[in-house]
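Beneath this line is the structure, given in structure tokens, with notes to follow.
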Number of protein chains: 2
Amino acid sequence: MKVLWVFAHPEPASLSAALRDEGLAALTEDGHDHRVSDLYAMGWKAVVDREDFPGEAPTDRLVITQASRRGYQGGTLSEDILAEQEKLDWADAVVFQFPLWWYGMPAILKGWFDRVFVKGYAYGVRENGSSGRTLRYGQGRLSGKRALTVVTVGGPEPTFEPRGINGQLDHVLFPLLHGTLWYTGMSALPPVAVHGADRLSEEDYGVAARRVRAAVSTLADTDPIAYRTQNGGDYDDRLVLRPHLAAGRSGLSVHVAD
Amino acid sequence: MKVLWVFAHPEPASLSAALRDEGLAALTEDGHDHRVSDLYAMGWKAVVDREDFPGEAPTDRLVITQASRRGYQGGTLSEDILAEQEKLDWADAVVFQFPLWWYGMPAILKGWFDRVFVKGYAYGVRENGSSGRTLRYGQGRLSGKRALTVVTVGGPEPTFEPRGINGQLDHVLFPLLHGTLWYTGMSALPPVAVHGADRLSEEDYGVAARRVRAAVSTLADTDPIAYRTQNGGDYDDRLVLRPHLAAGRSGLSVHVAD
């Protein structure tokens, strides 16, 4: 299997970096190829702006959906974006590893999605060219690839339980797991979280390292979260869940098949 | 009232910018003071890194919680961070306006929170100095301030309804509304969303402009989302919601009082 590891932490001596190295070692031991996008080490530009689209006239009003589609179709996106798309196309699976900051990704990783997942590549992809249905939520350019999220978290585990104050972890991460990965067709695996990351004992570290290694070693076999597909019949023409499914319920968990 | 408007769109001729100007005009007409943080225009640095903490020795391992607390307490954070904290301290209310990209904030705005909301200022704030309870979720350094979120969204409104495929909007925005704004003590108002933002007719624009103006004009009076306070008795010692509240339910809506 070919695995891309996208990593977002500024400190090479951090817990996050140590866990990444455990994960990469496990991949090597299992005979998998891997490549790493270490966003801080690469000096990744976090912010979508006009420089991403060198094919656009500098005086034009920048409409990002349109500029990104033209850039993608014309092969004129900036080089750093093209390099990441090439890595994604190469990969069978992608690991996204980051510390949970304000209940989301660090800006540098959010900006990786904002910049790399352009129109025509990750959204606005249609069946049979421009005439067919929009392929999203389970279908699309990146379908067939697996995605594992590994997060280090300051708060303790109970605070991310279904009734914990911070919100259930896969609900807090719904914009990434469902709204980004599944949207583009990738199969999102249940996230791996290392809690209490600011105060791990040596023993805790051993447990965390083994959990990351185990998740990486089972990357090809773990059941993805069973999000519903957009075009499989569960949603009506307005893309609202049909009444007989998860009947009488609402909330993010209705989008997971029973 | 003193209002800070934090704005995150790269294009001065965008729909977002036009709606911002409508909102600012409404504030002026109502006799409120305002200041604007136009993040793209300011060239805001999106990424937390060592440069944020010029008081730290360049050879030290960077532990962001510790470095940010020392920087905040010692007044040695980088100048751009200090300037934003000063604006926040000045404001009675803050408007956060952005296009919804991948179901979250653009990286430049996420990075505003990552960098400005440092330890000791926005989290890790304790009652009576270091000995007391941690003040979060309804209490903290920023309590008493109101926060309005204004988002422009590509998808149509039904897709963000309680059973819509994208997830209910206030659930998708939970990491911001609850996990960031309410966490720091700010009262999060119900978000204002302009749907179908890529294809608004002139008439649609008029409706959207009036909605933004109305939300701004009622900023002082609108009922905030009734999130539960951490320290008000609804959560147990592990910060899990007590069984008799929202009994038998789970999901993000249990954190809103009935």
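Using the 1.4 Å probe convention, the accessible area of the protein assembly as shown works out to 39 Å² per residue with neighbouring protein chains retained. How large is log10 of I(q)/I(0) for region B:54-134 at q = 0.25, 0.26 Å⁻¹ when the intensity is taken from the Debye formula with one equal scatterer per alpha-carbon? For region B:54-134 at q = 0.25, 0.26 Å⁻¹, log10 I(q)/I(0) is -1.25, -1.28. Among the trypsin sites (Lys or Arg not before Pro) within region B:163-252, those in coil by DSSP and having at most 15 neighbouring Cβ atoms inside 10 Å are B:Arg238, B:Arg249. Tally Lys/Arg at +1 and Asp/Glu at -1 over every other residue whose Cβ is under 13 Å from the Cβ of A:Met186; what's the total? Neighbour charge sum, excluding A:Met186 itself: +2. Ascending distances from the B:Ala257 label point to its copies in the other chains, with the point 7 Å along the Cα-to-beta-carbon line: 4.2 nm.
Using the Cα gyration tensor of the protein assembly as shown, with a ≥ b ≥ c the square roots of its eigenvalues, what is the shape: rounded (a/c below 1.5), prolate (a/b larger than b/c) or oblate (neither)?
rounded
The residues of region B:63-77 listed by number as losing at least 10 Å² of accessible area in the complex, against the isolated chain and with a 1.4 Å probe, are B:Ile64, B:Thr65.
Computed about its Cα centre, the charge dipole of region A:102-182 is approximately 460 debye, with only Lys, Arg, Asp and Glu carrying charge at their Cβ. If R0 is 22 Å, the Cβ-Cβ spacing of A:Val63 and B:Glu202 corresponds to a FRET efficiency of close to 0.80. Legend: mean number of C-beta atoms from other chains within 10 angstrom of residue C-beta atoms, peptide A:35-43, equals 1. Placing +1 on the Cβ of every Lys and Arg and -1 on the Cβ of every Asp and Glu, with nothing else charged, gives chain B a dipole about its Cα centre of roughly 940 debye. Helical content alone sets the calculated 222 nm signal of chain A at -8500 deg cm²/dmol, taking -39,500 (n - 2.57) per DSSP H segment of four or more residues and averaging over every residue. Each other copy holds its own label point for A:Ser78; taking that point as 7 Å from Cα along Cα to Cβ, the gaps run 1.7 nm, nearest first.
Between B:Asp38 and A:Asn231, the modelled label-to-label distance comes to 4.1 nm, taking each label 7 Å out from Cα in the direction of the beta carbon. Counting only other chain Cβ atoms within 10 Å of each residue's Cβ, the peptide A:96-108 averages 6. Shielding by partners for peptide B:228-241, expressed as the average number of C-beta atoms from other protein chains within 10 Å of each residue's C-beta, is 3. Partner lysines whose Cα lies under 30 Å from the Cα of A:Lys45, excluding those fewer than 8 positions away in the same chain, are identified as A:Lys2, A:Lys87, A:Lys110, A:Lys119, A:Lys145, B:Lys45, B:Lys87, B:Lys110, B:Lys119. Treating each Cα of region B:2-224 as one equal point scatterer and applying the Debye formula with no solvent, the log10 of I(q)/I(0) at q = 0.10, 0.11 Å⁻¹ comes out as -0.47, -0.57.
Per the Debye formula on identical point scatterers at the alpha carbon atoms of region B:156-258, with no solvent, log10 I(q)/I(0) at q = 0.11, 0.23 Å⁻¹ is -0.45, -1.32. Distance between the modelled labels on B:Met1 and A:Glu157, one decimal in nanometres: 4.4 nm (7 Å Cα→Cβ projection). Of the beta bridges DSSP finds with both residues in the protein assembly as shown, what % are antiparallel, to the nearest 5? Counting DSSP beta bridges with both partners in the protein assembly as shown, the antiparallel share is about 15 percent.
Positive contributions from Lys and Arg (+1) and negative ones from Asp and Glu (-1), summed over other residues with Cβ under 11 Å from the Cβ of B:Met42, come out at -2.
A 1.4 Å probe, protein heavy atoms only, puts the accessible area of A:Asp234 near 40 Å².
Taking amide hydrogens as placed 1.01 Å from N in the peptide plane, the amide H of B:His34 sits under 5 Å from those of B:Val3, each at least 5 positions away in sequence or on another chain. With the label put 7 angstrom out from Cα along the Cα-to-Cβ vector, B:Asp38 ends up 3.9 nm from the copy partners, going from closest to farthest. About its Cα centre, the protein assembly as shown has a charge dipole of approximately 640 debye under the convention of +1 per Lys or Arg Cβ and -1 per Asp or Glu Cβ, with nothing else charged. Centre-to-centre separation between the Cα atoms of region A:96-138 and those of region A:24-73: 11 Å.
The values are calculated or read from the model by the stated rules, or taken from the named source; none is laboratory data. Note that this is a predicted model, so its numbers are computed, not measured. Neighbour counts run over all protein chains shown; Cβ positions are idealised from the backbone, glycine included. These accessible areas exclude ligands, DNA and RNA; they are computed on the full protein's heavy atoms, side chains included. Shrake-Rupley method; radii C 1.70, N 1.55, O 1.52, S 1.80 Å.
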